[in-house]
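Reading through the structure tokens given below for one structure.
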């Protein structure tokens, strides 16, 4: 379960050490935008040591490395891969070739370490117009790809438009990524809402993302994590209905009936699938 992902700058030791206590399902250790070129080496060591010695509990660990066209990319992979983060976030992913290039080097390092194939998964960060147009090819490029992620700040700069709270300028990109991810069978994550102090705005933005079909949403502030988790979690009413659906399906099979109705509505395959997804998430939430 990965409803919320919280970015933490890779050069902030206090935040990295306490990351698992901030409520997010996943922590993104950022070695890219949040770290200046002069601090890359120090941040890389700090993130590596946090992965090695820190207790992340049930938090997934994601490392946003530097892009493949920089001298930092291979150094980042060499440093963090031995500590087995759950995912590598690949910034500036614009085409299938970018994914395959990263996949090739990660595979090489995994083999040297004696890891099983695809031990560490990939999450391409799509933040260019070209990346949006190639979203399906990116999502389907490799078995290592577990999810794709929309980066709206760089995207709107590339589109030469203003980034707004309402987000109309990224509506196309959002829907394009959701469709591409679902077609490729991977998860898809929405861009952060960057106004840390707008408590109503984050609720609207998260609800919009969920309504479009996103798996979850990233955040740059711990303040937003609780809202994101709440929005992307099933309500008790939804959980109760999901169990009713599964009970009805079980009873129908026992009685040899093909078609069933619940509360006056026919229960078909998509309803059963959504019910099972709801139950799976509810059970995972209970574990946490």
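The values are calculated or read from the model by the stated rules, or taken from the named source; none is laboratory data. Remember, predicted model here, so these are calculated numbers, not experimental data. Using ideal geometry, Cβ is built from the backbone for each residue, glycine included, and neighbour counts are taken over all protein chains shown.
Do the conditions hold for residue 190, that is, is it touching a residue at least 40 places away in the same chain (Cβ under 8 Å) and under 16 Å from the mean Cα position of the chain (by Cα)? So residue 190 passes the test.
Please count how many residues of region 143-175 are within 26 Å of residue 116 (Cα to Cα) and out of contact with any strand residue (DSSP E or B) (no Cβ under 8 Å at 6 or more places or on another chain).
We begin by selecting, within region 143-175, every residue within 26 Å of residue 116 (Cα to Cα); these are 143-149.
Narrowing the set further to residues that are out of contact with any strand residue (DSSP E or B) (no Cβ under 8 Å at 6 or more places or on another chain) leaves 143.
Total meeting the criteria: 1.
Please go through region 193-222 and pick out each residue that is touching a strand residue (DSSP E or B) at 6+ places or on another chain (Cβ under 6 Å) and touching a residue at least 60 places away in the same chain (Cβ under 8 Å).
Passing the criteria: 215, 216, 217, 218, 219, 220.
Could you please give the count of residues in region 111-130 that are within 19 Å of residue 147 (Cβ to Cβ) and free of Cβ contacts under 8 Å to residues at least 60 places away in the same chain?
Here is the first cut: in region 111-130, the residues within 19 Å of residue 147 (Cβ to Cβ) are 117-128.
Pick out the ones that are also free of Cβ contacts under 8 Å to residues at least 60 places away in the same chain and you get 117-122, 124, 126-128.
Qualifying residue count for the region: 10.
Go through region 150-175 and count every residue that is closer than 17 Å to residue 231 by Cβ and crowded, with 19+ Cβ neighbours inside 10 Å. The qualifying residues number 3. Checking every residue in region 68-78 against the condition of being crowded, with 16+ Cβ neighbours inside 10 Å, within 15 Å of residue 125 (Cβ to Cβ) and in contact with a strand residue (DSSP E or B) (Cβ under 8 Å, 6 or more places away or on another chain) gives at least one match.
When we screen 178, 225, 188 for residues that are over 18 Å from residue 148 (Cβ atoms), touching a strand residue (DSSP E or B) at 6+ places or on another chain (Cβ under 7 Å) and crowded, with 18+ Cβ neighbours inside 10 Å, the only hit is 225.
Whether any residue in region 38-59 is in contact (Cβ under 8 Å) with a residue 40 or more places away in the chain and under 23 Å from residue 232 (Cα atoms) is what I want to check. Break it down stepwise before answering.
Filtering region 38-59 down to residues in contact (Cβ under 8 Å) with a residue 40 or more places away in the chain leaves 58-59.
Still in the running and under 23 Å from residue 232 (Cα atoms): 58-59.
Yes: one or more hits.
Inside region 241-269, can you point out the residues that are part of a strand (DSSP E or B) and closer than 18 Å to residue 280 by Cβ? Residues satisfying the conditions do not exist here. Quick check on region 19-32. Is at least one of its residues surrounded by fewer than 21 Cβ atoms within 10 Å (Cβ to Cβ), at positive phi and in contact (Cβ under 8 Å) with a residue 60 or more places away in the chain? Scanning region 19-32, I find at least one residue that is surrounded by fewer than 21 Cβ atoms within 10 Å (Cβ to Cβ), at positive phi and in contact (Cβ under 8 Å) with a residue 60 or more places away in the chain, so the answer is yes.
If you check 148, 126, 106, 138, which single one turns out to be within 30 Å of residue 58 (Cα to Cα), in the same structural domain as residue 53 (by TED's automatic domain parsing) and over 19 Å from the mean Cα position of the chain (by Cα)? Lay out the reasoning, then the answer.
Working: 148 fails: over 19 Å from the mean Cα position of the chain (by Cα); 126 fails: over 19 Å from the mean Cα position of the chain (by Cα); 138 fails: over 19 Å from the mean Cα position of the chain (by Cα).
Exactly one of 148, 126, 106, 138 is within 30 Å of residue 58 (Cα to Cα), in the same structural domain as residue 53 (by TED's automatic domain parsing) and over 19 Å from the mean Cα position of the chain (by Cα), namely 106.
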